[in-house]
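Step one of this worksheet: look at the structure below.
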Amino acid sequence: MRIRPLFSFVILLGLLSCLSASPALADRLFLPLVLKNWPHYPSISNLQYNPKSFPVNEVVALFGTIDFTDEAGDVQKTEIKAYSPDGSTETINLNTPSNGLKVGIISISAQVMFDVKGITTFEIQVIDQKGFRSNKLTGTFDVY
């Protein structure tokens, strides 16, 4: 059984050495094959949100936006994970379909209440129809 992985590795090295010896061949054969099958993950940036601090045990309206790009245009939901100072974690999934848009802004609004004082960290990411997840953006709330 140890021969198979080694054999596959030798074939891969041989293929890579042939492609590096002939750049023209690499351009015609290798790159289109890799790029055609590469999964297109969504990407997010420019996290904006308010307020960034609020009192403990009080209902607060949060508003935020993130920019997204998604080659397939099939963003389906936004996931937000909050990490409280006491070690507890809360996950919120919001339906945020992009409806075919490949570039845009996702607006988020929610009524929240935190029952633990301190800095609460959260991560936000989007998930497309195929289950591919974007990069994560991080923010904090100061609950006083």
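The values are calculated or read from the model by the stated rules, or taken from the named source; none is laboratory data. Being a predicted model, the structure only gives us computed values, none of them experimental. Don't worry about glycine lacking a Cβ; one is built from the backbone with ideal geometry, like all the others, and counts go over all protein chains shown. Surface areas here come from the heavy atoms of the whole protein model, side chains and all, with no ligands, DNA or RNA. Shrake-Rupley method; radii C 1.70, N 1.55, O 1.52, S 1.80 Å.
So here's what we get for this one:
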{"item": "Residue among GLU58, GLU123 that is out of contact with any strand residue (DSSP E or B) (no Cβ under 8 Å at 6 or more places or on another chain) and either in contact (Cβ under 8 Å) with a residue 40 or more places away in the chain or among the hydroxyl-bearing types (Ser, Thr, Tyr) (or both)", "result": "GLU58"}
{"item": "Qualifying residues in the range 67-119 (those that are acidic (Asp, Glu), part of a loop (DSSP other than H, G, I, E, B) and within 20 Å of PHE54 (Cβ to Cβ)) - the one most open to solvent (accessible area, probe 1.4 Å)", "result": "ASP115"}
{"item": "Residue within the range 33-45 that is closer than 20 Å to THR121 by Cα and at pLDDT 95 or above present", "result": "yes"}
{"item": "Boolean, GLY14 is out of contact with any strand residue (DSSP E or B) (no Cβ under 6 Å at 6 or more places or on another chain) and modelled with pLDDT of 90 or more", "result": "no"}
{"item": "Number of positions in the range 120-137 that are part of a strand (DSSP E or B) and either acidic (Asp, Glu) or open to solvent by 90 Å² or more (accessible area, probe 1.4 Å) (or both)", "result": "3"}
